[in-house]
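The values are calculated or read from the model by the stated rules, or taken from the named source; none is laboratory data. Small disclaimer: the values here were computed from a predicted structure and weren't measured. Here the Cβ positions follow ideal geometry from the backbone for every residue, glycine too, while neighbour counts run over all protein chains shown. With ligands, DNA and RNA removed, areas are computed over all heavy atoms of the protein, side chains included. Shrake-Rupley method; radii C 1.70, N 1.55, O 1.52, S 1.80 Å.
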Amino acid sequence: MLLEALSSAILGLALALAASYRLPHRLPARPLVLSTGVAGALFGAFVMHSALEAGHLLVVLLGAVIVSVASLSLLLRPAGRLRRRSATA
């Protein structure tokens, strides 16, 4: 369990760092991005470990990555300005 938690936290941190370097203009402050990535990965590992029990390290880490990416995607802002049409158009 400790190995799963540590591995998933490192994976979440790596994903969050990659996202913050790749998309700095579309993400909020870096501490929020890093904590969201780690928290998402830990939550994903917890859910997968609860569902599968012990002995499935790779599947647990896959679940951690999926939930971490999903959590980070919720932080993304639109790339450009939103165009608003007038009511008469």
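Structure values in brief
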| quantity | calculated |
| --- | --- |
| Dipole magnitude of the chain, debye to nearest 20 (Cβ charges: Lys/Arg +1, Asp/Glu -1, about Cα centre) | 940 debye |
| Helix-only [θ]222 nm of the chain, DSSP H runs n ≥ 4, -39500 (n - 2.57) each, per residue, nearest 500 | -23500 deg cm²/dmol |
| Solvent-accessible heavy-atom area per residue, rounded to whole Å², over the chain at 1.4 Å | 70 Å² |
| Accessible-area composition of the chain, carbon plus sulfur, in percent [1.4 Å probe] | 69 percent |
| Of 19, 45, 79, the one that fluctuates the most in a GNM where the chain has Cα springs shorter than 10 Å | 79 |
| Folded to 0 to 90 degrees: helix 57-73 orientation relative to the chain principal axis, Cα | 20 degrees |
